[in-house]
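A quick write-up on the structure given underneath.
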Amino acid sequence: NTFKNDEPNDGISLEEEQNDPNSLWNFYRKMIDIRKAHPEISKGTYQTLSNNSDQVFSFMRYKGNKEIVVAVNLSDKPVVVVIDTNNGAGSLKVVYGKGKPTISGSFISENLPAYGVEVLGK
């Protein structure tokens, strides 16, 4: 059996995905690494976080003094979002993403690229 749609340099093969830092394969590898390093993301208490954009889904998972905040831009356009964590967000640091969030009290202000994902943790 040969794959009729398999073409060289089409970005689909594992070798091509491994060499592309923006590939889906590398994205999932990073998400698995985050899950291993931050068990609160899978075992912590879940809380949806409100924000000022209908295009952004944001939530927090926390367990003990560990917490992780995730923001996902569901839009094909960049979004400036302000997320309310309902508590002090000052010690959160970027775990994944290219943004440079501004944190003030319980609010996180962030520029999310189109379909961007940002993960902050402490």
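Share of the chain's accessible area from carbon and sulfur, percent, 1.4 Å?
52 percent
Just add up the charged neighbours of Asn73: K/R +1, D/E -1, any other residue whose Cβ is under 10 Å from the Cβ of Asn73. Value of the local net charge: -2. What is the helix-to-structure angle for 24-37, meaning the angle in degrees between its Cα long axis and the longest Cα principal axis of the chain, kept from 0 to 90 and rounded to the nearest 10? The answer is roughly 40 degrees.
In region 29-107, a dipole from Cβ-located charges (positive for Lys and Arg, negative for Asp and Glu) runs towards its positive end, and of Ala71, Gly105, Val82 it is Ala71 whose Cα lies farthest in that direction.
Might you tell me the accessible area per residue for region 41-93, computed with a 1.4 Å probe and given in Å²?
55 Å²
A DSSP coil position with no more than 12 other Cβ atoms inside 10 Å describes the following trypsin sites (Lys or Arg not before Pro) in region 61-110: Lys98.
Full extension of the segment from Ala37 to Lys66, taken as 0.36 nm per residue of separation minus the current Cα-Cα distance, would add 9.3 nm. The number of Lys pairs in the chain with C-alpha atoms less than 21 Å apart, excluding pairs fewer than 8 positions apart on the same chain, is 25.
Under the simplified labelling scheme, the Ala114-Lys30 pair shows an inter-label distance of 1.8 nm, with each label point 7 Å from Cα along Cα→Cβ.
The values are calculated or read from the model by the stated rules, or taken from the named source; none is laboratory data. What you see is a predicted model, and the numbers here were worked out from it, not measured in a lab. Ideal geometry is used to build each Cβ from the backbone, glycine not excepted, and the neighbour counts take in all protein chains shown. Protein only, heavy atoms only, side chains kept; ligands, DNA and RNA dropped before computing areas. Shrake-Rupley method; radii C 1.70, N 1.55, O 1.52, S 1.80 Å.
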